[in-house]
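Read the structure below first, then the notes.
The values are calculated or read from the model by the stated rules, or taken from the named source; none is laboratory data. Predicted model only: the values in this text are computed from it and were never measured. Virtual Cβ from ideal backbone geometry, glycine too; neighbours counted across all protein chains shown. SASA here: full protein model, heavy atoms, side chains in, ligands and nucleic acids out. Shrake-Rupley method; radii C 1.70, N 1.55, O 1.52, S 1.80 Å.
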Amino acid sequence: MTEMNTTIGKPISRLEGFDKVTGAAKYAADHHVPDMLYGYVVNSIITKGRITKIHTDEVMALPGILEILTHENRMSTAWFDIQYADMDAPSGTVFKPLHDDRIKYNGQPIALVIAETFEQARLGAAKLRVEYKEEKQHATELKSNLERARPPKPGMAFLLKPPPPKPTGDFEKAYQEAAFRAEGEYHHSAEFHNPMELFASTVLYEGKGKLTIYSKTQGTINDQTFIANVFGLKYQNVRVIAPYVGGAFGSGLRPQHQLYLAAMAALQLKRHVRVVLDRSQMFTFGHRPQTLMQMRISADEDGKVTGLNHEGYGETSTYEDYSEILVKWAPMLYPAANTLLKYDLVPLDVATPLDMRAPGGSTAFHAIECTMDQLAYQLNIDPLELRIKNYSEVDPLENKPFTSKELKACYLQGAEKFGWLDRKPEPRSMRRGNKLVGYGMATGMWDAMQLPARVEARVTPDGKLHIKSAITDIGTGTFTIMTQIAAEQFGMAMEDVIFDYGNSALPFAPIQGGSFSTSTVGIAVVNASKALKKKLLKLAIKASDQFKSADVGTVSFIKGNIVYGDHSLSFVELVAANGAKPILTRNMGYPHALKLRKYAMAAHSAAFVEVEVDEELGFIKVTRALTAVAAGRIMNPKTARSQILGGMVWGISKALHEETLLDPAMGKYMNQNLAEYHLPVHADIHELEVLFVEEEDKIINELGTKGVGEIGLVAITPAIVNAIYHATGKRINDLPVHFDKLL
């Protein structure tokens, strides 16, 4: 069977872009209905202890206040006192707001004030007086509590986040006997999610335990399952809708507090309720964890790596074991006979950390690639040469070939386009006026995953192709790309394809994250399209003698027609022949586990960065950066480029801007606002370039895709730090790097 390739690989603008930039797109807090009530969350001001009294009477006397939900008067729930794991839940017991009088962390939601207007609810929340019995012994800082460290507890989370690989060889002996050694300690403070859209849920009470929910989420079915189980509702009576999501990248993987509280309020009051977290409250749930790492790398006189030791300590809460894949990356990249990998968690009085774009990887590669850079200077060879010298076509960790790996092409093409060879190797040897100029580079890697998903494909009476999936689009271009894939399958114009998504009533899709959405839902689209083509051919054979000898290998699908030789039937004619009933199929997409277990699967990148550092003041500017990416077949170069650019901006932010200021005595982050939690603005971002290296992968899946959501971030931060060293001769291992560390 042959089809006309019409759309894949073309730089098509986002189909919903016009609605977003003109304000027509409705986000979770934009759905207005009559008689809506508004909830405002009240947060704990202590870090550990108990609530002794909540003075609700004073606030209930205020105009417009209808109810104040607390642990004392909240409704009973079906699964309140036992563990319930959502799709992204780590091992442990999921935190449930208003469960009891215990305070587990600073900022914990302890009440919901419900009023007729948002302003009344906010005023009530501000005036609500709460008395506490504070426990003085709390622990919130990672470095000073390492004696608490222990391995992650086994659980379901181990399926996606397994423990570190076992040691190989004798690292300590190899390290001591090595001709060259490099080591460093690397510290990352917590980073907090701050997508443009605040977390919001609008819950419509439809009567008899039925809820329609508009919510900010990365998984409509995940939220549906969570709410139904927690409140003892039938799945079909809970519908979660999220066609537009204003950014997420991990923050919407798990159901957040506003969803839980809004649903509880709607069920308890039998009214429509909206709850929106304000910007400071965005700092009261999951975050990228504080992490401390020690990295040691040894090499022989030729620069071949002989030993790798990566040890990491990550924070988690006292009630859940959040872990990251932190220490496996170095041995996957660089062959070493001797490896020693260790990862422990430190339980603290904090909210459970949460996946944030490239979780584990963006942290780990800072340690790996900066230590490799340090090793290159000791060996007196080019950092790029060192990486090529230790290049491997197989995954050294498991001795498996990659389904495809064009990392070397990323190195060579990226270096040429960036002008890496113009670099003078000595630190502090390049200048531009009163600015020190530095070049740095680093390697990036991210798993290429695929999960099961189901898609419905149907031909409608007007000859359109209608594709349905519950997947969300958090701004990555999923809506556009799925439309492209479906259009190509049938040789149709994109305007003749309808992609219905972001609704839990549609066929199953997992949470959107991990750079797996295109491969996951895209393959389901392909499989559903294949099944639909067979149905259409069957109808064509029944409708016309001219198709009697046709089979799936001899017909084509072009512009809404099935074509066999000189004969064709339109989709409109085929639906008519089907009694005017739509022709539909529902099919799964899933990874070919038996075949793929023989291979390693990953996307790769190489980042090249130029920085200027003011010699007197220490101010740092990333003047230009280039990321070369090998990520299989690129569905849409325009949306993919945007993904990589977004990752590069985030890498600049991680390296130079984002910093949380923790007061260990109070157990609180003191800069819970965007005035003091700094993010890069337009003036901080200069020349950024993306280079997609051609990579054909016929093994990983039928589309040859790997995903680009995270690979653009992992290499950029260490490349910046390495460039700062080249410019100044100073290695800064604590992020972010501020001017005061260079003075």
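Kindly provide the chymotrypsin sites (Phe, Trp or Tyr not before Pro) of the range 354-399 that DSSP labels as loop, not H, G, I, E or B, and whose Cβ sees at most 16 other Cβ atoms within 10 Å.
Loop-located and lightly packed - 391.
Report the label-to-label distance for residue 122 and residue 380 in nanometres (one decimal), using points 7 Å from each Cα along the Cα→Cβ vector.
6.5 nm
Assuming 0.692 mPa s and 37 °C, estimate D for the range 156-296 with Stokes-Einstein, Rh taken as the Kirkwood radius over Cα pairs, in µm²/s.
180 µm²/s
If the viscosity is 0.890 mPa s and the temperature 25 °C, what Stokes-Einstein diffusion coefficient in µm²/s follows for the range 263-397 when Rh is the Kirkwood radius over Cα pairs?
140 µm²/s
Have a look at the range 451-590 and give its Rg and Dmax from the Cα atoms, expressed in angstrom.
15.2, 49
Assign unit charges at the C-beta atoms only (+1 for Lys and Arg, -1 for Asp and Glu), then state the dipole size of the chain relative to its Cα centre in Debye, rounded to the nearest 20. Before the final figure, lay out each step's value.
Values: 81 positive and 85 negative charges, 385 e Å.
Result for the chain is approximately 1840 debye, rounded to the nearest 20.
Please list the equivalent ellipsoid semi-axes of the range 538-670, computed as the square roots of five times the alpha-carbon gyration tensor eigenvalues, in descending order and whole angstrom. If you can, show how the numbers build up before the last one.
Working: eigenvalues 650, 82, 61 Å².
So the equivalent ellipsoid measures 57, 20, 17 Å along its semi-axes.
Ordering 193, 657 by accessible area with a probe of 1.4 Å, largest first, what comes out?
Details: 193 5, 657 35 Å².
Largest to smallest exposure gives the sequence 657, 193.
Indicate, rounded to the nearest 5 percent, the antiparallel portion of the DSSP beta bridges found entirely in the range 311-456.
35 percent
What does the charge count around residue 53 come to, taking other residues whose C-beta lies under 14 Å from its C-beta (Lys +1, Arg +1, Asp -1, Glu -1)?
Once positives and negatives cancel, what remains is -3.
At each listed q (0.22 Å⁻¹), what is the log10 of I(q)/I(0) that the Debye formula gives for the range 54-137 modelled as equal alpha-carbon point scatterers?
One equal scatterer on each Cα of the range 54-137 leads to -1.09.
Taking the Cα atoms of the range 126-238, report the difference between the largest and smallest coordinate on each principal axis, in whole Å and largest first.
Taking max minus min along each principal axis of the Cα atoms, the range 126-238 gives 73, 39, 30 Å.
With a cut-off of at most 14 other beta carbons within 10 Å, and DSSP calling the residue loop, which trypsin sites (Lys or Arg not before Pro) in the range 124-200 qualify? Please list them.
Those that pass, being in a loop and sparsely packed, are 136.
Which log10 I(q)/I(0) values, to two decimals, does the range 652-743 give at q = 0.26 Å⁻¹ under the Debye formula with one point per Cα?
Taking Cα atoms of the range 652-743 as identical point scatterers yields -1.39.
Relative contact order for the chain using alpha-carbon pairs under 8 Å, separation at least 6, rounded to a whole percent?
Working: 1867 pairs, mean separation 128.2, N = 743.
Computed value for the chain: 17 percent relative contact order.
Please compute, over every Cα-Cα pair in the range 388-532, the percentage with a separation greater than 18 angstrom.
Numbers: 7094 of 10440 pairs.
Percentage above 18 Å: 68.
With all protein chains present, calculate the accessible area of residue 650 using a 1.4 Å probe and round the result to the nearest 10 Å².
Surface open to solvent at residue 650 totals about 50 Å².
Which percent, to the nearest 5, of DSSP beta bridges fully inside the chain are antiparallel? Numbers along the way, then the final one.
Numbers: 101 of 134 bridges.
So the antiparallel bridges amount to about 75 percent of the total.
Just to be sure I understand: if I project the alpha-carbon convex hull of the range 348-401 onto a plane and average over all orientations, what area do I get in nm²?
6.1 nm²
What's the carbon and sulfur percent of the chain's accessible surface, probe 1.4 angstrom, rounded to a whole number? Working shown, then result.
Values: 14910 of 28570 Å².
Carbon and sulfur together cover 52 percent of it.
Would you please give the FRET efficiency between residue 78 and residue 740, computed as 1/(1 + (r/R0)^6) with r the Cβ-Cβ distance and R0 = 51 Å, to the nearest 0.05?
That pair, residue 78 with residue 740, gives E of 0.45.
Ignoring ligands, DNA and RNA, what accessible area per residue does the chain give at 1.4 Å, in Å²? Mind dumping the intermediate values first?
On the way: 28570 Å² over 743 residues.
Normalised by residue count, the accessible surface of the chain is 38 Å².
Return P(r) of the chain (all Cα-Cα pairs; 10 Å bins starting at 0; whole %; ordered from short to long distances).
Bins of 10 Å from zero give 3, 14, 22, 24, 19, 12, 5, 1, 0 percent of pairs.
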